[in-house]
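These notes concern the structure reproduced below.
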Amino acid sequence: MDKKIKIGLIGLGTVGSGVFKTLKNFDNIEIVKIAVKNINKPRNIEGLDASLLTADPYEIVNNPEIDIIAELIGRLNPAFDLIAKAIENGKHIVTANKELLAKRGEELFRIAEKYNKVILYEAAIAGGIPIIMPIKTILAGNKINHIEAIVNGTTNYILTKMDVEGAQYSDVLKEAQKLGYAEADPTGDVEGFDAAYKIATLASITFNKRINIENVYREGITKIRAEDMKAANDLGYKIKLIASAYLNTNGQADVRVHPMLVSKKSTLAHIDYVTNAVSLSGYPVGSITLSGPGAGEFPTASSVVGDILAIAAELKISDYILPMMRCRHSENAVMTDISETTNKYYISINAKNNKGVIGKIGTICADNDISLASIVQRCVSDDNTADITVITELVQEKNMQNAIKLIEQDGNKVNSLIRVQVQK
Ligand code: HSE
């Protein structure tokens, strides 16, 4: 029988347990050690021998027997030090750590190249959806310059519930926390950090350039109101948290995360609850959307195990892992600041119901080179204010921001400014 490939797992939480349970079925793989935080915690995992557990991850990192380490603890520290040392010790790495890749991936990939090792991370972008390996391998002949994706299940769940139930954000968040869909501190998800880490790494692979996470524009979903959902629906849209990356003709990258009105006819409008999806446009392939479970024990384990098996298969042949799996870029992307971008906008304004108010808003927009696609006055409240909903044509972000300032200075309240999907 062939030599077994030896694996060390760092982390035995939700994903780690799924990886353990899945890998048990492969005869050519042997899990030799698993590092956990609390060695005495009761765990109901069939086939888990307590002698596999250690509280010291360096027992794995420094174990000369181990070929591949799967890091499944998340966060920057101690994950960075563990992975760096493991590579120096000759291990290949599989990780699901989006924050680490987005913030310190460059350093890790440099170390991996120096030591002729690979870091694979299919699970870090959209859980169970295969996207990294397809882009690196079977789509390698494409020039991909456009990605729009839903890569955060928590926020997609909240937005779907708001849409279906007409509920406000804070009520749905509370319910999502009770059901375990949102964390007690939901900041990482609802403010768009998680999606920003994912799109930064995905864009790096897609554009073959390093994307500095500091230059990824990020806006979360906390300001979205039930009224916006309703207005968007009436206008033929859904509101989704979209992570996007565009490469313009000058080679500049525009990478961002923000809520977006997407046409009800678009594929992403139909991705609901915790499901994730990645849409990309490439030449020669055209448009592709991959959708599926973006998180959870077994979907994420599917991607981690796929990466482990890919490395294991290569190790049978040679110690030099398939070049296509490696990090192949070192150049930093020139990135476009959001103020320099051109977008369509949905604006919800609460205005005094005075004569000429719509005319004044129209004039401010015209003065700022903003052309309007539609303007609708929805209702007049008891306090004699009216809700005015505007959809613009394509306009410069900085002109839009200037107009918003002037509309507010004129005594109106701008409740929402949400970008609208542009079919590219
Ligand atoms: N918190 C993420 C989500 C899953 O809600 O999609 C892990 O990346």
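Have a look at G286, G282 and point out the one that is away from the ligand (no atom under 16 Å from the Cβ), over 28 Å from T392 (Cβ atoms) and free of Cβ contacts under 8 Å to residues at least 12 places away in the same chain. Before the answer, list the steps.
On the way: G282 fails: free of Cβ contacts under 8 Å to residues at least 12 places away in the same chain.
Among G286, G282, only G286 is away from the ligand (no atom under 16 Å from the Cβ), over 28 Å from T392 (Cβ atoms) and free of Cβ contacts under 8 Å to residues at least 12 places away in the same chain.
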Q. Which of the residues belonging to the range 82-125 are free of Cβ contacts under 8 Å to residues at least 40 places away in the same chain and within 16 Å of the ligand (Cβ to nearest atom)?
A. T95, N97, L100
Q: Please indicate, with yes or no, whether at least one residue in the range 158-174 is among the aromatic types (F, W, Y) and at pLDDT 95 or above.
A: yes
Q: May I ask you to say which residue of S330, S318, S374, S348 is closer than 30 Å to P130 by Cβ and more than 26 Å from the chain's Cα centre (by Cα)?
A: S318
(Q) Looking at I224 and the list (1) at pLDDT 95 or above; (2) out of contact with any Pro (no Cβ under 6 Å at 6 or more places or on another chain); (3) away from the ligand (no atom under 15 Å from the Cβ), which single condition is not satisfied? (A) (2)
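Considering only helices (runs of 4 or more DSSP H) fully contained in the range 156-214, which possess at least 3 residues that are more than 12 Å from the ligand (Cβ to nearest atom)?
Ranges flagged: 169-178, 193-207.
Listed residues G141, G128; which is within 16 Å of the ligand (Cβ to nearest atom) and not in a helix (DSSP H, G or I)? Outline the logic, then answer.
Working: G141 fails: within 16 Å of the ligand (Cβ to nearest atom).
When all the criteria are applied, what remains is G128.
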Q.
Which count do you get for residues in the range 142-190 that are surrounded by 15 or more Cβ atoms within 10 Å (Cβ to Cβ), in contact with a Phe, Trp or Tyr (Cβ under 7 Å, 6 or more places away or on another chain) and not hydrophobic (A, V, I, L, M, F, W, C)?
A. 8
Q.
I'm told N248 meets every condition in (1) at pLDDT 95 or above; (2) away from the ligand (no atom under 16 Å from the Cβ) except one. Can you identify the failing condition by its number?
A. (1)
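The values are calculated or read from the model by the stated rules, or taken from the named source; none is laboratory data. Quantities reported herein were computed from a predicted structural model and do not represent experimental measurements. Cβ sites come from the backbone with ideal geometry, for glycine too, and all protein chains shown count toward neighbours.
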